Amino acid sequence: MDATLAQFRTGVIKPVECIKEGWALIKDQYWLFLGISLVGILIGGVVPIVLLGPMMVGIFLCLFQRMRNQPVEFGLLFKGFDQFVPGLVVTVLKMIPVLIILVPYYIFLIAMMATTMPRGGMEDPEQARTFVMSLFGFEIVFFLVIMVVSLTVEIFFMFAYPLVADRKLSALDAVKLSFRAGKANLGGVLGLMLLNMLFGMLGVLCCIIGVYFYLPIAFASQAVAFRRVFPETSQPLPGPPPPPASWA
């Protein structure tokens with residue numbers, strides 16, 4: 001990895017500003033970016049391990065194209081397949097920590113049910129109540145663990161797909177650099193993720209489909225955060241962050 005690509009800014013991610021700039025970036029072409037985001041996620045979700053990576057790379061290619069004030073066409077989304085292998089490997093590496101949690105979970109769940117489930121069914125109310133409460137408590141603990149693990153993974157992988165799209169890095173270089181940049185900008189990255197999660201939850205409350213309408217803004221805010229941390233390669237590094245762009 002080139003030394004100049006290993007540099008990044010710190011302390012420049014302001015969550016509210018990133019969301020505002022993300023909206024300003026796409027608002028003139030909102031419906032186009034909504035279509036790009038939805039199609040990218042839908043195709044990526046068909047076979048997540050195989051297709052999600054290229055689709056995520058394609059989404060960020062479209063956003064970076066918009067940042068450069070260059071025309072964005074829907075077909076640009078599928079240019080993510082030009083970086084198919086790096087996108088695929090990033091996805092696989094990103095899923096490993098979650099799988100490490102899921103496999104022991106299912107083993108423990110099966111063992112728990114085999115050893116604590118009341119014999120003869122649920123005829124004894126007290127045994128049934130104890131079993132259900134134990135199972136419920138286990139599920140709550142697992143949910144909290146998987147949430148923490150997933151959030152941690154998202155923090156350290158936040159810049160991986162954009163680095164593949166923008167810098168054409170290999171998957172391993174992109175993940176390593178994303179890990180370093182995410183760690184160095186932990187507060188800003190976490191704040192942006194939590195704020196996007198909050199707006200996403202509000203979207204769910206708005207007839208559920210509201211979350212899909214917020215999706216392109218969430219992606220755009222991540223692209224803005226990425227560009228703040230990793231300016232165009234022609235720009236000097238390190239240094240103070242550039243003034244917020246109007247994306248007019």
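Leaving out same-chain residues fewer than 8 places away, which lysines sit with a Cα under 22 Å from that of Lys79?
Lys94, Lys168
What does the helix-only formula give at 222 nm for the chain: each DSSP H stretch with n ≥ 4 adding -39500 (n - 2.57), the total divided by the residues, and the result rounded to the nearest 500 deg cm²/dmol? Let's see the in-between values first.
On the way: 9 runs with 177 residues, N = 248.
The helix-only estimate for the chain comes to -24500 deg cm²/dmol at 222 nm.
Just need the relative contact order of the chain here, percent rounded to a whole number, with Cα pairs under 8 Å and 6+ apart. Walk me through the numbers before you get to the answer.
Working: 297 pairs, mean separation 89.8, N = 248.
Across the chain, relative contact order equals 36 percent.
May I ask for the net charge around Phe157, where only other residues with Cβ less than 13 Å from the Cβ of Phe157 are counted and Lys, Arg are +1 while Asp, Glu are -1?
Result for the neighbourhood of Phe157: +3.
Please get the size of the charge dipole for the chain, origin at its Cα centre, with Cβ charges of +1 on Lys and Arg and -1 on Asp and Glu, quoted in debye to the nearest 20.
Numbers: 17 positive and 14 negative charges, 130 e Å.
With only Lys, Arg, Asp and Glu charged at Cβ, the dipole is about 620 debye.
Mind sorting Val90, Val149 by how few other Cβ atoms lie within 10 Å of their own Cβ, fewest first?
Val149, Val90
For every other residue with a beta carbon closer than 13 angstrom to the beta carbon of Arg9, add +1 if it is Lys or Arg and -1 if Asp or Glu, then tell me the sum. Can you show the working numbers first?
Numbers: positive: Lys14, Arg180, Arg227, Arg228; negative: Glu232.
Charge balance in the 13 Å sphere: +3.
Limiting things to C-alpha atoms, what are the Rg and the maximum Cα-Cα separation (Dmax) for the chain, in angstroms?
Just the Cα atoms of the chain yield Rg and Dmax of 21.0, 72 Å.
So for each of 49-57, 75-83, 160-168, 203-211 I average, over its residues, the number of other beta carbons within 10 Å; can you give me the resulting order with the highest mean first? Write out the running numbers ahead of the final one.
On the way: 49-57: 23.0, 75-83: 17.9, 160-168: 25.2, 203-211: 12.6.
Ranking, from highest mean packing down: 160-168, 49-57, 75-83, 203-211.
Any read-out appearing in this document is the output of simple, stated calculations on the displayed coordinates, not a laboratory observation. Since we're looking at a predicted model, the values are computed, not measured. FYI the Cβ positions are ideal-geometry reconstructions off the backbone, even for glycines, and counts take in every protein chain you see.
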